[in-house]
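Input: a single structure, listed below in structure tokens.
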Amino acid sequence: FQYLKRFDQGCDLDMFWYEELSVEGSPAECLQLFLLHCGVVDPSWAELRNFTWFLNIQLRDCEHSDFCNPAFVQDTLKGF
């Protein structure tokens, strides 16, 4: 949710890192963003769950990758 919220606001995601157990927004705002970005017109709960699970795995892997660490790559992969 935190990444999608910042993405919609046009923020630079290269410098953002998820803080575990931090809470932002309301459950309704979270659901609205998931519905907007999941890519399915009328998703089931299972489709929303799969979307959030997959997105979470991808973002976690990205945060742990040296190639996505701004301190490591400097400005060579801006926006990657």
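The values are calculated or read from the model by the stated rules, or taken from the named source; none is laboratory data. Just so it is clear, the structure is predicted and the values come from calculations on it, not from any experiment. Cβ sites come from the backbone with ideal geometry, for glycine too, and all protein chains shown count toward neighbours. Keep in mind that these areas ignore ligands, DNA and RNA; they rest on the heavy atoms of the full protein, side chains included. Shrake-Rupley method; radii C 1.70, N 1.55, O 1.52, S 1.80 Å.
Only one of the numbered conditions (1) open to solvent by 70 Å² or more (accessible area, probe 1.4 Å); (2) closer than 27 Å to Asp66 by Cβ is violated by Cys11, and that is (1).
Collect the residues in the stretch 30-40 that are surrounded by 10 or more Cβ atoms within 10 Å (Cβ to Cβ) and over 13 Å from Tyr3 (Cα atoms), keeping them in residue-number order. Result: Leu31, Gln32, Leu35, Leu36, Cys38, Val40. Of all residues in the stretch 14-29, those being free of Cβ contacts under 8 Å to residues at least 40 places away in the same chain, more than 15 Å from Arg49 (Cα to Cα) and open to solvent by 60 Å² or more (accessible area, probe 1.4 Å) number 6.
Scanning the stretch 52-68 for residues that are closer than 18 Å to Arg6 by Cα and either in a loop (DSSP other than H, G, I, E, B) or of a type outside the set (Val, Ile, Thr) (or both) yields a total of 8.
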